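The values are calculated or read from the model by the stated rules, or taken from the named source; none is laboratory data. Quick caveat: nothing in here was measured; it's all calculated off a predicted structure. Quick reminder, even Gly has a Cβ in these numbers, built from the backbone with ideal geometry, and neighbours come from all protein chains shown.
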Amino acid sequence: MKDSFTITDFAALQAQLADIPAERVLTALARDHCTDDDLAALLSPAAGSFLPQLAARSRDITRQRFGRTTQIYAPLYLSNYCVNRCAYCGFSAGNRIHRRKLTLDEAVAEAEILRGRGFQHILLVSGEAPAVLDVEYLEAIALRLRDRFAAVSIEVQPLEEDEYARLFRAGITAVAVYQETYDRRVYDRVHLAGRKCDYDYRLATPARAAAAGMREVGIGALLGLSDWRAEGLAIGLHLAWLRRRFWQTGFTVSFPRLRPAAGEFQPLVAVNEKHLSQLIFALRIFDPDVGLILSTREEPRYRDGMLGLGPTRYSAGSCTAPGGYSHEDHDGEQFSVGDHRSVDEVCRVIRSKGFDPVCKDWDRTFQQVVEPRGHAICTRV
Amino acid sequence: MQIICNGQRRDLAEDTTLAAMLAMLDLDPNTVVAEVNRKIIERDQYEDLRLRDGDRIELIRFVGGG
Amino acid sequence: MLTIADTHFSSRLFVGTGKFASADIMRQAIEASGADMVTVALRRVDLDNPEDDIMSHLDRERFHFLPNTSGARTAEEAIRLARLARAATGTPWLKLEVTPDPRTLLPDPIDTLKATEILAQEGFIVLPYINADPILALRLQDAGAAAVMPLGAPIGTNLGIRTALQVEIIIEQARVPVVVDAGIGAPSHAARALEMGADAVLVNTAIAVAGDPVRMARAFRQAVESGRDAFEAGLGAASTVAHASSPETGIIGEDLGFLQEGA
């Protein structure tokens, strides 16, 4: 039987988090290597009283592992067509928004604008509409962009392993696919129609991407749908499970908080900045190597304050509508951003805080196509 | 005929079986593994296997080890 | 409970059968150790001096035999010994050792990986003896090894777990069981390995050459049980500075003044 990751009982995770004493939090803070129980302690209500201590530990680990650097990337929205009805999302199939999909030339033009602004890492994003935006299209874009950027990532509909392998060969190096919520009950409630209704298929997607040889795989949960503490524990368990199986893959975690979007969906649970910070610090302490992403969903004050404390990657100057970089007067956004500053402004702040904004992490020139077992089978030409 | 067993030359009568040779050496067939000309011989073939002139035989058994 | 390749073991102590003064002491020591996995080696029968067969001293119903390929200097030699071992035991279990340097008896990582790939495909349950190299451990796991056996120190040295840092990384990363092998010279070393989270230890010399091997075997049994208990109970973190046990003192935190209430 092929093994797979699952969260059978979200309520059990919540129970694990309840009634953890303050002493247990201190034990977890003092550890070199955290167990699942330590992560639970760091996410517990009791740990909320130790937020400055969590921050200090998270800062030290981050600095030791990543140095005084912050990676910078920008999303490039390819299409806002979507077959799913997700209660919280601006692209949801039922929403009356202006739908469009960029042509290959339009996508490359958008990418050129981002390159002109100094970006070397872009994230291709789309709604989930395989009939409109398929693997062939992504492959064609990747082939046109791969020599212009150091890294091209995707955040699109879940794909099959052979499709990920094909995109990897075309130059896509990273895949992000967020579970939105690990709480199956809530998942079923907010995903009203479309392929996305299949919780298990989505949950198995990061493993498929890693098995296909992707250099980096991103996971995460949309904060505001269910108990953020238990989501954090589930993310940690998922991450540890993936690490054990795909030791050659790098992993990232993203922490999108629900933002106002078309459809007037209100968050089901409140997640404030303190909660978000605790979640970020706890995951950093749990996994010193994981990349942590803080997007422009958050406000400048918060993003600037969190610099160096745990997150390692920031998006900047983002527009969440297809074609939004070429046309100022766009509409059809996925969500409205909280940080409207240009990439130059963001980089200025990063430097002023003593950090180096890094636009590329590694160079694809040296990449070989590797099969999952780690044996080089052919050199990319 | 002459065979080489564990590096030693030995003279055997024609058509001696592997089982017969083990009996001559006072070895319990259940405690040794035999290789004839680098080929492992299954225990149930010891009775049937007739040795040939020039065969190289290795008799191996377990010893203490870590 | 320890499980390797779907087989359950009641003890996390594996013992070797070499270097004992007599077969009888060996048998008594193994009894006292509580081990249910014992390692054995394969050698040519000495025709001029055919000694006892070790198998006759140990009840194969009670003890799981783990034959090794000691003496092999290359992958090819190890594979030949492995096939002989399978013919002898009737089981595919194998402790793979490839040691080209007779002085240190340190394992050859390249030929060990090569032999593991081939033997795993032939259906062997391979437990390779390796230097404590985390990437090698993962490569072996990917090649089909059923467990990995990193060394604590060169074999027979009794130096303890000198490779602790790398062994910790292997334990953290590996999906297959980790059996610390070689170098364990005292029960405290074995306890330390289990406290670190090793799934089992293999001990031979330290028991076999003790003044009283039977008593030493019992000491190792207790140490392994203690070490595992401590690991499962969850050790407190070690630190070079004092940590006050009351929450509000002794820890300096980061200034989080930028956080806004209600945001």
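Within the set A:LEU292, A:LEU268, the sole residue that is touching a Ser or Thr at 6+ places or on another chain (Cβ under 6 Å), of a type in the set (A, V, I, L, M) and more than 14 Å from chain C (Cβ to nearest Cβ) turns out to be A:LEU292.
For C:ILE30, the criteria (1) touching a strand residue (DSSP E or B) at 6+ places or on another chain (Cβ under 7 Å); (2) assigned to a helix (DSSP H, G or I); (3) modelled with pLDDT under 85 hold in every case but one, which is (3). Every condition in (1) among the aliphatic types (A, V, I, L, M); (2) in contact with a Cys (Cβ under 8 Å, 6 or more places away or on another chain); (3) not in a loop (DSSP other than H, G, I, E, B) holds for A:ALA129 except the one numbered (3). Of the residues that make up the range A:158-171, is at least one hydrophobic (A, V, I, L, M, F, W, C), surrounded by fewer than 21 Cβ atoms within 10 Å (Cβ to Cβ) and without any contact (Cβ under 8 Å) to a residue 40 or more places away in the chain? Looking through the range A:158-171, at least one residue is hydrophobic (A, V, I, L, M, F, W, C), surrounded by fewer than 21 Cβ atoms within 10 Å (Cβ to Cβ) and without any contact (Cβ under 8 Å) to a residue 40 or more places away in the chain. Here A:TRP241 does not qualify as touching a helix residue (DSSP H, G or I) at 6+ places or on another chain (Cβ under 8 Å) and either free of Cβ contacts under 8 Å to residues at least 24 places away in the same chain or surrounded by fewer than 20 Cβ atoms within 10 Å (Cβ to Cβ) (or both). B:ASP28 fulfils the conditions (1) closer than 19 Å to B:ARG9 by Cα; (2) surrounded by 11 or more Cβ atoms within 10 Å (Cβ to Cβ); (3) among the acidic types (Asp, Glu); (4) at the interface with another protein chain (Cβ under 10 Å from one of its Cβ atoms) except for a single criterion, (1).
Look at the range C:6-25: where a residue is without any contact (Cβ under 8 Å) to a residue 40 or more places away in the chain and a partner is among the acidic types (Asp, Glu) and not in a strand (DSSP E or B), sitting 6+ places away or on another chain with Cβ atoms under 7 Å, you get C:SER10/C:ASP36; C:ALA23/C:ASP52. For the range A:50-66, a residue qualifies if it is more than 7 Å from chain C (Cβ to nearest Cβ) and without any contact (Cβ under 8 Å) to a residue 60 or more places away in the chain, and the qualifying residues are A:PHE50, A:ASP60. The residue pairs whose first member lies in the range B:1-25 and is acidic (Asp, Glu), whose second member is in a strand (DSSP E or B), and whose beta carbons are closer than 9 Å, counting only pairs six or more residues apart or on different chains, are B:ASP11/B:GLN2; B:ASP11/B:ILE3; B:GLU14/B:ARG50; B:ASP15/B:ARG50.
One line per residue, one yes/no per condition, for (1) surrounded by fewer than 13 Cβ atoms within 10 Å (Cβ to Cβ); (2) at pLDDT below 90; (3) closer than 25 Å to C:VAL126 by Cα:
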site	(1), (2), (3)
C:ALA219	no, no, no
C:ALA223	no, no, no
C:PHE231	no, no, no
C:ALA237	no, yes, no
C:ASP255	yes, yes, no
C:PHE258	no, yes, no
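Of all the residues in the range C:1-14, those that are away from every other protein chain (no Cβ under 14 Å) and surrounded by fewer than 16 Cβ atoms within 10 Å (Cβ to Cβ) number 6. Taken as a whole, the structure places C:ALA87 among residues that are surrounded by fewer than 24 Cβ atoms within 10 Å (Cβ to Cβ) and at pLDDT below 95. Within the set A:LEU39, A:LEU26, the sole residue that is among the aliphatic types (A, V, I, L, M), crowded, with 21+ Cβ neighbours inside 10 Å and at pLDDT below 95 turns out to be A:LEU26. Do you know which of the residues in the range C:59-84 that are of a type in the set (Ser, Thr, Tyr) and either assigned to a strand (DSSP E or B) or within 11 Å of chain B (Cβ to nearest Cβ) (or both) is surrounded by the most Cβ atoms within 10 Å (Cβ to Cβ)? Out of the qualifying residues, it is C:THR69. Say we look at the range C:15-46 and pick out the residues that are among the polar types (S, T, N, Q) and more than 19 Å from the chain's Cα centre (by Cα); which of these is nearest to the other protein chains (Cβ to nearest Cβ)? Ranking the candidates gives C:SER22 first.
Working only within the range A:16-44, note down all residues that are β-branched (Val, Ile, Thr) and at the interface with chain C (Cβ under 10 Å from one of its Cβ atoms).
A:VAL25, A:THR27, A:THR35
Going through (1) touching a Lys or Arg at 6+ places or on another chain (Cβ under 6 Å); (2) more than 27 Å from C:ASP229 (Cα to Cα) one by one, C:GLY34 falls short only on (2). Just one of the listed residues (A:ARG259, A:ARG313, A:ARG297) is crowded, with 19+ Cβ neighbours inside 10 Å, away from chain C (no Cβ under 14 Å), touching a Phe, Trp or Tyr at 6+ places or on another chain (Cβ under 7 Å) and charged (D, E, K, R), namely A:ARG313. Within this structure, A:ARG244 passes the test of being of a type outside the set (Asp, Glu) and within 14 Å of chain C (Cβ to nearest Cβ). Considering B:ILE57, B:ILE4, B:ILE40, the condition of being assigned to a strand (DSSP E or B), within 11 Å of the chain's Cα centre (by Cα) and away from chain C (no Cβ under 11 Å) is satisfied by B:ILE4 alone. With respect to A:ALA321, determine if the residue is in contact with a strand residue (DSSP E or B) (Cβ under 8 Å, 6 or more places away or on another chain), farther than 22 Å from A:THR70 by Cα and surrounded by fewer than 23 Cβ atoms within 10 Å (Cβ to Cβ). It is true that A:ALA321 is in contact with a strand residue (DSSP E or B) (Cβ under 8 Å, 6 or more places away or on another chain), farther than 22 Å from A:THR70 by Cα and surrounded by fewer than 23 Cβ atoms within 10 Å (Cβ to Cβ).
If you filter the range C:92-144 down to residues that are in contact with a helix residue (DSSP H, G or I) (Cβ under 7 Å, 6 or more places away or on another chain), within 14 Å of chain A (Cβ to nearest Cβ) and closer than 21 Å to C:THR163 by Cα, you find that the one that is surrounded by the fewest Cβ atoms within 10 Å (Cβ to Cβ) is C:ASP133. The number of residues in the range A:323-342 being over 19 Å from the mean Cα position of the chain (by Cα), within 14 Å of A:LEU76 (Cα to Cα) and in contact (Cβ under 8 Å) with a residue 24 or more places away in the chain comes to 5.
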